[in-house]
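To keep things clear, I will list the structure first and then write my remarks on it.
The values are calculated or read from the model by the stated rules, or taken from the named source; none is laboratory data. These figures come from a predicted structure and were not determined experimentally. When we count neighbours, we look across all protein chains shown, and the Cβ atoms used for this are built from the backbone with ideal geometry, even at glycine. Heavy atoms of the whole protein, side chains included, go into the accessibility calculation; ligands, DNA and RNA do not. Shrake-Rupley method; radii C 1.70, N 1.55, O 1.52, S 1.80 Å.
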Amino acid sequence: MTADIRDLPLPDAVIFDLDGTLVDTVQTRIDAWSETFEEAGIPATREALAPLIGVDGKRLAREVAARAGQPIDDERAEEIDKRSGEIYERRNHDPKPLPGVRELVDAIESTGLRWSIATSSRKDQVRTSVKALGLDDEPSIVDASHVEHAKPEPDLLLRAAEELNVEPGRAWYVGDSTWDMVAAVAAGMIPIGVTAGAAVDDRALIGAGAAAVVETLNEVADALRNG
């Protein structure tokens, strides 16, 4: 059972996923993975890839390969993940912020909340998307290079909370994928799903543990400003 986001206790900090949450890049991610698997000779449909966007890339590679009857080891998964990142970076030349980003940042800054980004993306893939947000000052960013295990493990989120000096239970984690919700639950945070840039619908986010689901970041901004 989900709540109206306006009825949730206000957090001391808000942590965000990046791709599909703050920037409209999920389709680019799917395209990059499709090209990668085609190059690798591993069958992968877009329908199978979409719900896996947001999970650790090496795990995604292993799962897709296993479903295709071509199991791979960790070394090959690393190679495929790295190649997907290279293709994604080539394709991600003009990402756009999702609706409500500017209003959201204004609301956070006006209320004095701490905030950061926690993403499973590799460090070299983050720069272009963060730049697209057009922020005056970049927030703290925790990416896959900072932890041993990316989402759905909670390590990224816990590292972000530690850097913000906030108790996980006093933080919202806002994301667009089921893996974001699972990681937030595991971290003991309040999971907020947002669907504007998502590859999955609100039912999937709720099923993965979302405490509230909104369509756009404007609703998150309003809740923080008026809560």
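Normalised radius of gyration (Cα atoms, divided by 2.2 N^0.38 Å) for the range 88-190: 1.07.
Note on the range 162-227 and the range 22-83: Cα centroid distance 24 Å, given to the nearest whole angstrom. Rounded to two decimals, the Cα radius of gyration of the range 1-124 over 2.2 N^0.38 Å is 1.26.
Shown for the range 151-227 is the translational diffusion coefficient from the Stokes-Einstein equation, using the Kirkwood radius over Cα pairs, a temperature of 25 °C and a viscosity of 0.890 mPa s: 199 µm²/s.
FRET efficiency for the residue 10 to residue 45 pair, using the beta carbon distance and R₀ = 35 Å, is estimated at 0.25. Using 0.36 nm per residue and subtracting the Cα-Cα separation, the extra length available between residue 202 and residue 215 on full extension is 3.8 nm.
Note on the range 10-68: with neighbouring protein chains present and a 1.4 Å probe, carbon and sulfur make up 48 percent of its accessible heavy-atom surface.
At a probe radius of 1.4 angstrom, the accessible area of the chain per residue rounds to 45 square angstrom.
Would you check the accessible area of residue 141, probe 1.4 Å, heavy atoms only, in square angstrom rounded to 10? Looks like 40 Å² after rounding. Summarised as an ellipsoid, the chain has semi-axes of 29, 17, 16 Å, derived from the eigenvalues of the Cα gyration tensor scaled by 5 and square-rooted, with the largest first.
The length gained on full extension between residue 27 and residue 131, counted as 0.36 nm times the residue separation minus their Cα-Cα distance, comes to 35.6 nm.
Normalised by residue count, the range 33-72 yields a Cα convex hull volume of 58 Å³ per residue. Other residues whose C-beta falls under 14 angstrom from the C-beta of residue 56 contribute a net charge of -4, scoring Lys and Arg +1 and Asp and Glu -1. Largest to smallest in accessible area, the residues 146, 93 fall in the order 93, 146 (1.4 Å probe, all protein chains included).
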